[in-house]
Amino acid sequence: MDWSKTKSVFIITFLILNIFLGYQLVQKRDNSQLDAIAERTIDEKLADEEITYEALPKEPKELSYISGKVQIFSVDDVKKLKNQEVNIETAGVLRGKLSDPIKISLTDQVKIHQFVKDHLLDGEKYIVWSVNEETGTIVLVQQHNNYKIFDPSLNISGVIYLYVNDEHEVVSYEQTLISDFEEHKLEELISPIKTLENLYDNYHIKSGSHVSKVEIGYYPLVPNSESQLLAPTWHVVIDEEIEIYVNAIEGQILNKTE
C-alpha cells in the first residue's frame, strides 16, 4: 500500500468535509440573521405607522385542524342536573331554568367558572368570553387543550349563555357542546408578527392603531353543521373595537367584526 497516497486522500477528504461543514454553518448563520432582519423590518414598518401592540404570544409554533361533533343531549344527561327545569327539544341545545335563581358576581370570573362547573354539564370545559351587564348576559366558550373556540356571535356550538336578572342572579341558560374531538396533522403556524404585517399590508390595520390582543384558538369553518371542523386561528383585537379572526395556517381572514 502506498501510504503517502492514502494519507493525501484522507487529507483531501477531511479538507472537503471541513469546507462543506463550514459552508453549512455560514449558511445557517446567514439565514438566522436574515430572519432577524425580516423581524426587525416588520417592527420598523409598524413603528413607522405608529402601530403599537401588546406582547405577542411565543407559543405554539404548530397546531392541527381539529374536528368534533355537536353533542346531542339525552334524557340521561338531564338527570344529572338538579333543581332545574330542562328542555332538550332542540337538537344540540340544552335550555335550563333554575328553580331558585343563584346570585353571582359579574366581575369575578373564578366564581362564574365555579357556578358553571357546579350546575351545568361539563362546565369545566368552558371559559368566560364576555359579560354584558346591560343585557344581563354572560357568555362562556368551550376550550380544547386550553385554547378557546372563538366567536359566540355566530351562535356556534360550544357556547354557554347565562341569563342574569337585575339582582345579578342567574335565572336560566342555554348550552351547546362539542364532543369527540379529533386532531389532524400538525401544521406550522404563521407567526403573530407576520399576521400583523399581513393585516397591515391588506389595509386592515390603520396607522396609529393599537393592537390590544393577539391570541390563538380555534374557529369553526362550518358553524351550523352537526360535524364541526375547526381551524387554528389568530384572534386579533384592534383599538378595542375591531376583531379579526385569521386562519393561522393558511392566512385568510375568517371573520371581521366592528
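The values are calculated or read from the model by the stated rules, or taken from the named source; none is laboratory data. Note that the structure is a prediction, hence the values are computed from the model and not measured. Cβ atoms come from the backbone with ideal geometry, glycine included; neighbour counts cover every protein chain shown.
Please specify each residue of segment 207-258 satisfying the condition of being under 28 Å from Asp180 (Cβ atoms) and β-branched (Val, Ile, Thr). Give the derivation first.
To start, the set of residues in segment 207-258 that are under 28 Å from Asp180 (Cβ atoms) comprises 215-235, 245-250, 252, 254-255.
Result: Ile216, Val222, Thr233, Val246, Ile249.
For segment 175-258, which strands (runs of 3 or more DSSP E) that fit wholly inside it have 2 or more residues that are more than 22 Å from Lys61 (Cβ to Cβ) and touching a Leu at 6+ places or on another chain (Cβ under 9 Å)?
227-238
Looking only at segment 142-158, which residues are modelled with pLDDT of 95 or more and more than 22 Å from His184 (Cα to Cα)?
Across segment 142-158, there are no qualifying residues.
Being of a type outside the set (Lys, Arg) and modelled with pLDDT under 95 is true for just one of Thr233, Thr257, Thr195. Which residue is that? Spell out the reasoning first.
Values: Thr233 fails: modelled with pLDDT under 95; Thr195 fails: modelled with pLDDT under 95.
Criteria check complete, one pass: Thr257.
If only one of Ile244, Ile193 is of a type in the set (A, V, I, L, M) and touching a strand residue (DSSP E or B) at 6+ places or on another chain (Cβ under 8 Å), which one is it?
Working: Ile193 fails: touching a strand residue (DSSP E or B) at 6+ places or on another chain (Cβ under 8 Å).
Answer to the selection: Ile244.
Give just the number: which of (1) modelled with pLDDT of 95 or more; (2) more than 23 Å from Ile104 (Cβ to Cβ) does Tyr173 not satisfy?
Of everything listed in (1) modelled with pLDDT of 95 or more; (2) more than 23 Å from Ile104 (Cβ to Cβ), Tyr173 misses just condition (2).
Return yes when Ser172 is surrounded by 18 or more Cβ atoms within 10 Å (Cβ to Cβ) and assigned by TED's automatic domain parsing to the domain that holds Glu85 and no when it is not.
Values: surrounded by 18 or more Cβ atoms within 10 Å (Cβ to Cβ): no; assigned by TED's automatic domain parsing to the domain that holds Glu85: yes.
Answer is no for this residue.
Somewhere in segment 182-202, is a residue over 20 Å from the mean Cα position of the chain (by Cα), surrounded by fewer than 14 Cβ atoms within 10 Å (Cβ to Cβ) and closer than 30 Å to Thr41 by Cβ? Quick ask: steps written out before the conclusion?
First, the residues of segment 182-202 that are over 20 Å from the mean Cα position of the chain (by Cα): 200-202.
Subset that is surrounded by fewer than 14 Cβ atoms within 10 Å (Cβ to Cβ): 201-202.
If we keep only those that are closer than 30 Å to Thr41 by Cβ as well, we get 201-202.
Yes, the conditions are met somewhere in segment 182-202.
Among the listed residues Gly22, Gly92, identify the single one that is modelled with pLDDT under 95, under 26 Å from the mean Cα position of the chain (by Cα) and not aromatic (Phe, Trp, Tyr).
Details: Gly22 fails: under 26 Å from the mean Cα position of the chain (by Cα).
Only one candidate passes the filter, namely Gly92.
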